[in-house]
Each structure stands twice: as structure tokens, then as C-alpha cells.
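The values are calculated or read from the model by the stated rules, or taken from the named source; none is laboratory data. Please read all numbers here as calculations on a predicted model, not as lab measurements. Don't worry about glycine lacking a Cβ; one is built from the backbone with ideal geometry, like all the others, and counts go over all protein chains shown. To get the accessible areas, we keep the full protein, side chains included, count just its heavy atoms, and leave off ligands, DNA and RNA. Shrake-Rupley method; radii C 1.70, N 1.55, O 1.52, S 1.80 Å.
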Amino acid sequence: MKYLKDSSHPDRLRIFLLRHGHLENSERHVINGSTDVSLSPAGLLQMEIWKNCFSGSSLDCFYSSSLRRTIDGVRILSEGRGIPSQAVFGFRERSFGDWEGMTRDKIEQQDPEGYKRWLKLDPEFAPPNGESLAMFRERVVEALEGILEKSFGKNILVVGHSGVNRILLLRALGLGLDRYFGISQDYACLNIIDFYRNGPPVVHLLNAPPDWTENRAIPAP
């Protein structure tokens, strides 16, 4: 297997970056942000599928945010593996403040100017009592840098959020916040990023669904 069972390298940190699975309130299409929401039965099943996919893979640590939907994902993925896990506050989803629990339509009705600034990716705009995109990026990148300082030579699995994953992928690709909405992150998708001690990061996989397999995705030599 090219990636999942690849051995570690002393000058590389490989991050298997998952988004959490489907949520109990996903069908309501509301913004959750920093609100704690549980995985739905479908979301739990998605994590079980990835658990089977990663069985036998070379992993040194699991990371999540401090929100339940990612912690529960790591609990399933790490079950029976004897590998340490850590919840990182910096990997929490962006706080949308007073907008949390609201649909996009309701936000547009109640705060049309704020809604426009959000869609235009104004980095300094923050929803009432929430975080700006610039503040969010700073927090997530700081958390990443803390892991990079101590994790070269390891393979880690991170269960994150759509926004968090976008920030990490933009950082790896060297892109600005103006490309934030240009990266799709579906429920329970997998991304693979290599960070190197000396050299630019490499993104090997983006937004792969739970039924993804290396045998199907990577041509034979």
C-alpha cells in the first residue's frame, strides 16, 4: 500500500486528515461551529469504515479537536490500537457566535451585510460574538506548528472539521484565504498531507470518501 501502510521517515510528518462524519442535525443544514453536536448513526458507520481501512497502518498518534464529533471519531478509529490520542483546542471549528444553530437563509435575513462579508471571505469579519477568518486561521496554524515541532518522523491521524481542514490544506498548498471556499470537505472525507523538515509540503489526496481504496485510486507501476 502506497500511503496507509508506508513506514515513517525521520524528516517527514505524514498527516492523515479526516473530517468528522455525518451529524445528528446535518439534515437541518444549520451552522454548528463551536457548538457540540453528536455523530449520527451514519456518521458512526463512516468512522467504522475508516477504522477498517486503517487497520494495520503505521500510526503514532491520533488527534482531534476538543469537540465531541471529532473526539468520538478518534475513539472509534483508535479502539484496540494502544496508540495515544490527544484533543487539541486549537483544532476546534471556527466559532460563529450568534449565528450558530441558524441556517444560511436565516442568517441572510437577519444579518444581510454580515452574510455578504462572510461569503466574500472578508478575513477581518467576525459574526456577532464569533471569530474572524483571520483569527481562526491563526489559531489553527498555531496548533499545527506545535505538532510540527515535535512530530517529524511520525505518521499521525487527525479528525478535524471542514473549516479546520481547509485551513490546514491551504497552509500545505501555500494558498491564501481567498481560496478557502475552493476546497471541498465532505463528511468523513480523507486528505493526506506530508510536511517535510526541509522542503515544501505535499498534498497526496483530497476529499476522498469512506469507500476510497488505494488499489482503485493508485495505478499499478
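Worth pointing out:
- Two-site FRET efficiency, D105 against E145, from Cβ-Cβ distance with R₀ of 45 Å, rounded to 0.05: 0.75
- Under 13 Å, Cβ to Cβ, from S26 - net charge with Lys/Arg +1 and Asp/Glu -1: 0
- Pairwise Cα inverse-distance average, inverted: Kirkwood Rh of the chain (Å): 17.9 Å
- Placed amide H near H204: partners under 5 Å, 5+ positions off or other chain: I192, I193, D194
- Extending 7 Å from Cα along the Cβ direction at T35 and again at R197 yields two label points whose distance is 4.6 nm.
- For A87, the residues whose modelled amide H falls within less than 5 Å of its own, excluding neighbours fewer than 5 places apart on the same chain, are S64.
- In Hz, Karplus ³J(HN,Hα) per residue of segment 52-59 (6.51, -1.76, 1.60; θ = phi - 60°; x = Gly, Pro): 5, 5, 8, 4, x, 6, 8, 10
- Relative to the dominant Cα principal axis of the chain, helix 68-78 is inclined by about 10°.
- Antiparallel bridge percentage (DSSP; both residues within the chain; nearest 5): 50 percent
- For G160, distant residues with modelled amide H under 5 Å away: L18, R19, H20
- Accessible surface of the chain [probe 1.4 Å, protein heavy atoms]: carbon and sulfur percent: 49 percent
- Between A134 and Q86, the FRET efficiency estimated from the beta carbon spacing at R0 = 30 angstrom works out to 0.70.
- Partner lysines for K5 [C-alpha distance under 30 Å; skip if fewer than 8 residues away on the same chain]: K51, K150, K154
- Highest-MSF residue in the chain out of D60, D72, D105 [GNM, Cα springs under 10 Å]: D105
- Mean accessible surface per residue for the chain, computed with a 1.4 Å probe while every protein chain stays in place, in Å²: 47 Å²
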